[in-house]
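Every number here is computed from the coordinates shown, using simple stated rules; none is lab data. Worth saying up front: this structure is predicted, and the values here are computed from it rather than measured. Cβ placement follows ideal geometry from the backbone for every residue including glycine, while neighbour counts extend to all protein chains displayed.
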Ligand code: NAP
């Protein structure tokens with residue numbers, strides 16, 4: 001669109017007269033355009049405003065050489081209209097900025113969107129007026145706007161970050177920002193050019209700037225991971241997939257974790273050999289697929305630092321193989337953050353560019369910039385004269401465009417800048433408490449930049465517009481998030497932290513790139529599909545967490561938190577619900593055992609330990625099998641006798657294998673998992689007597705097993721924790737063995753079924769109340785259940801070994817576990833508790849599936865080490881997960 005047409009369009013809004021619309025939108029990029037289209041179709045009057053001269057948003061401004069998308073264009077497109085999809089064909093796998101801009105222009109023309117967009121118009125201030133329940137917007141160009149709903153489609157990366165380097169004003173040469181590249185282009189022929197910044201913009205532009213400049217000097221603060229794009233025509237395999245079933249392809253993208261329909265890797269790094277890992281890496285390197293490289297290698301690459309390091313090593317090897325000067329290769333190799341924790345880049349000839357004689361890399365980690373001078377850039381080691389400086393220094397991401405563009409004043413005169421002073425607070429990343437009828441498209445707290453933006457944008461727009469339609473139909477005129485819902489969303493966001501490694505890098509994802517900006521992972525990292533289902537649930541649960549008001553209708557406020565489960569627990573339970581399994585108890589004892597054995601085959605294999613050895617141990621009337629897990633470290637090691645879960649009916653010495661391996665690795669102790677006998681063949685008290693006998697035998701044979709002589713420790717999960725607890729009581733009463741400590745994970749401690757947790761968590765959390773009834777019935781006659789060997793809570797508790805008791809919020813057994821911990825403590829036993837918020841009965845044994853439980857398992861291991869008089873284990877899980885996940889109550 002010509003500048004004259006822009007001026008015409010802007011002047012259509014008459015000065016001095018307020019323009020009244022249902023909805024005002026800021027931004028005319030991917031999000032703004034789709035909003036205008038959907039709102040108009042839904043019968044709302046709408047005006048969009050954009051400072052730019054035409055549509056395009058980020059693609060309007062970022063015109064630097066080499067600018068392209070880095071998600072395959074086949075995925076980076078609108079999907080709301082199949083006819084639009086048929087009408088446009090991308091020419092490349094990763095389209096250039098001009099082609100994407102043409103596409104957005106094509107979309108604007110096709111739906112005649114420009115007529116409702118005021119270009120060259122900045123919103124100067126937005127104020128909520130309580131009396132009218134409307135937003136009043138003052139604008140830089142044309143009439144002010146009064147709107148019922150105000151939607152920020154401002155993009156996540158649209159507020160450029162100032163250079164933050166002294167002396168920029170003194171520079172006598174030319175200065176350019178990649179984010180505001182001149183429309184007419186820049187002639188760099190024969191010039192000495194400096195580029196500051198090696199993020200996506202720098203890495204995309206540097207090879208092309210090098211081709212034009214007489215000499216290019218790249219000032220790099222943090223080396224980034226870059227993968228060759230291998231650009232070309234859209235890959236035929238994915239194009240064929242799309243053509244085959246367009247709707248299914250799009251739907252798969254919508255429910256995926258990233259917004260791109262690629263199935264995630266299922267094998268874990270430790271299940272693959274070096275050769276297999278290398279093959280996978282080489283394949284994705286050759287494919288030039290960033291989302292693939294981020295998700296397809298091995299299942300733990302995105303959340304486990306060690307698994308990620310394997311991948312980072314392969315990257316560095318590649319850099320060394322391309323860059324001929326070893327010092328330069330070294331400087332270009334990222335070492336301070338895991339792959340994917342900072343946004344990795346797609347490049348074309350980036351690393352090879354540093355082999356050119358006319359390109360120099362300045363490593364700012366070794367020689368920081370001290371100032372920009374009239375003639376160039378000075379570091380603490382030298383001065384480099386240049387004619388042009390290109391700032392590829394990035395953006396005040398996520399919040400910059402929302403907060404800094406203009407003052408937004410909500411209810412009771414509260415400004416968004418003040419409300420967000422310590423970081424952004426949102427509900428779903430879409431709304432903010434205290435700011436009625438204000439919506440953010442891909443705001444902080446939404447998957448946004450951790451996803452395929454086109455998919456996230458469509459989801460947000462659809463969700464918001466669908467809500468506005470529903471409000472209108474019900475007669476409501478305002479919608480506002482509650483503080484409870486917003487606080488719950490913040491907690492859920494924190495719970496999601498261990499799912500990825502983003503928290504471990506200094507990046508714009510966390511605000512670390514802007515001096516003074518509050519720090520925290522801003523985008524939602526729980527995945528696009530899960531996020532979509534949460535948004536849908538908010539609506540289906542009567543707009544949970546929103547207050548709806550309107551003239552002539554009763555206020556509606558269904559307050560609460562939308563996600564109380566840990567994010568991965570929610571996924572596991574969702575998958576189980578989808579499987580629609582019959583109740584386990586309906587299989588009968590042997591059928592249930594077969595079912596569990598089959599079920600366990602599908603879980604990730606346990607992690608490697610030094611040695612795994614099977615054996616048998618004697619009890620009064622036979623032999624019990626056991627499996628011994630030995631750490632890789634030199635012995636002798638402290639010994640833990642472990643009892644598996646399974647309601648005294650199911651499981652065996654192998655059935656908690658991943659958990660035993662994990663505890664062995666974390667504690668550095670030998671674990672002896674005992675195959676005690678089960679009901680109905682062997683009813684109460686066989687299991688506990690087996691447990692006691694096995695513990696005594698292990699204690700007596702500790703040295704032969706490679707263990708440290710002296711007291712042993714006991715541990716167990718569920719019914720196994722019942723056996724561990726009872727074993728401690730029996731050992732105290734029967735003259736040994738000496739037990740240094742007990743770890744009880746979700747223990748069965750009492751035969752009562754009327755505690756609140758039995759009622760609140762009766763169904764829906766895998767271990768059901770009726771399954772527990774069944775277990776008790778098979779195991780123990782009603783008359784025996786009050787025997788302390790069945791219900792240790794009813795026994796004498798003084799003089800027991802120190803205990804670490806773990807309970808899970810969504811577990812029928814929660815309250816009896818807490819009761820046991822409290823009763824032991826009252827009896828003078830040293831007790832620590834971990835009350836795991838948002839977890840279910842199986843959270844801690846589902847190693848590598850429920851990754852949010854890793855921190856808790858680290859705490860358990862440390863408790864065992866304390867009991868054994870050993871120093872605390874290395875705090876690796878402080879890095880691995882977020883301690884705020886748990887309300888650990890140490891007593
Ligand atoms: P960026 O990733 O934030 O990179 C900025 C670079 O400038 C970093 O290397 C940073 O170093 C450096 N820097 C910032 N301030 C500096 C200073 N005062 N002194 C020295 N160096 C400084 O910004 P970006 O490259 O514009 O990319 C931002 C995001 O936009 C990308 O991550 C991506 O999501 C999106 N993007 C996408 C594409 C695409 O292909 N589709 C292209 C461009 C951008 P530190 O790392 O040390 O802070």
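If packing is taken as the average count of other Cβ atoms within 10 Å, what order do 587-599, 99-111, 816-828 fall into, highest mean first?
Numbers: 587-599: 15.1, 99-111: 18.2, 816-828: 19.9.
Descending mean neighbour count gives 816-828, 99-111, 587-599.
The spacing between region 576-636 and region 639-690, judged by their C-alpha centroids, is 8 Å. Sorting 710-723, 173-186, 736-749, 50-63 by their mean Cβ neighbour count within 10 Å, with the most densely packed peptide first, gives 710-723, 736-749, 50-63, 173-186.
The length gained on full extension between residue 305 and residue 738, counted as 0.36 nm times the residue separation minus their Cα-Cα distance, comes to 152.1 nm.
Note: region 299-416, Cα convex hull, 201 Å³ per residue.
Computed from the Cα positions only, the extents of region 110-204 along the three principal axes stand at 60, 39, 25 Å, in decreasing order.
Model label points for residue 575 and residue 683, set 7 angstrom from Cα along the Cα-to-Cβ axis, are 3.8 nm apart. Helix 657-667 and the longest principal axis of the Cα set of the chain meet at an angle near 80°. On the basis of the beta-carbon distance and an R0 of 60 Å, residue 822 and residue 83 show a calculated FRET efficiency of 0.40.
Mind checking the angle between helix 719-733 and the chain's longest principal axis? C-alpha axes, 0 to 90 degrees, to the nearest 10. Result, in degrees: 40. Considering only the Cα atoms of the chain, their convex hull presents on average a projected area of 40.1 nm². Listed from fewest to most Cβ neighbours within 10 Å, the set 406, 841 follows the order 406, 841. Treating each Cα of region 199-260 as one equal point scatterer and applying the Debye formula with no solvent, the log10 of I(q)/I(0) at q = 0.15, 0.18, 0.26, 0.29 Å⁻¹ comes out as -0.72, -0.82, -1.12, -1.21. The C-alpha atoms of the chain define a longest principal axis, and helix 453-474 lies at about 90 degrees to it. Summary value for region 749-839: 33 percent relative contact order, contacts being C-alpha pairs under 8 angstrom separated by 6+ residues. So, R0 is 41 Å and r is the distance between the beta-carbons of residue 701 and residue 355; what FRET efficiency does that work out to, to 0.05? Taking R0 as 41 Å, the efficiency between residue 701 and residue 355 is 0.05. Helical content alone sets the calculated 222 nm signal of the chain at -10000 deg cm²/dmol, taking -39,500 (n - 2.57) per DSSP H segment of four or more residues and averaging over every residue.
In region 379-487, the ratio of gyration radius to Kirkwood radius, Rg to Rh, stands at 1.15 when only Cα atoms are counted. Relative intensity of region 482-618 on a log10 scale, I(q)/I(0) at q = 0.13, 0.15, 0.22 Å⁻¹, equals -0.86, -0.98, -1.29, per a Debye sum over C-alpha point scatterers of equal strength in the absence of solvent. Indicate, rounded to the nearest 5 percent, the antiparallel portion of the DSSP beta bridges found entirely in the chain. Just about 40 percent of them are antiparallel. Averaging the Cα positions of each part gives two centres, and for region 64-128 and region 733-797 these lie 61 Å apart. Eigenvalues of the alpha-carbon gyration tensor of region 567-652, scaled by 5 and square-rooted, set the equivalent ellipsoid semi-axes at 30, 21, 10 angstrom, largest first. Report the Cα centroid-to-centroid distance between region 534-573 and region 268-311 in angstrom, as an integer. Taking the Cα centre of region 268-311 as reference, the centre of region 534-573 is 37 Å away. Subtracting the Cα-Cα distance of residue 231 and residue 20 from 0.36 nm times their residue separation leaves 71.3 nm of extension gain. When you restrict to C-alpha pairs under 8 Å that are six or more residues apart and normalise by the size of region 281-418, the relative contact order lands at 12 percent. Across region 637-710, Cα-Cα pairs more than 19 Å apart make up 38 percent of the total. Annotation for residue 125 and residue 240: the two label points, set 7 Å from Cα along the Cα-Cβ direction, are 6.1 nm apart.
Modelled spin labels at residue 183 and residue 558, positioned 7 Å past Cα toward Cβ, are 4.8 nm from each other. Counted over region 352-443 with a bin width of 5 Å, the fraction of Cα pairs per bin, in whole percents, is 3, 10, 15, 15, 8, 6, 8, 10, 11, 9, 3, 1, 0.
Report the gain in length on full extension from residue 412 to residue 383: 0.36 nm times residue separation, minus Cα-Cα distance, nm rounded to one decimal.
5.1 nm
Measuring r between the beta carbons of residue 374 and residue 519 and using R0 = 41 Å, the FRET efficiency lands at 0.70.
With coordinates expressed along the principal axes, the C-alpha atoms belonging to region 702-818 extend over 45, 28, 25 Å, beginning with the largest. Computed on the chain, with alpha-carbon pairs under 8 angstrom and 6+ residues apart, the relative contact order is 10 percent.
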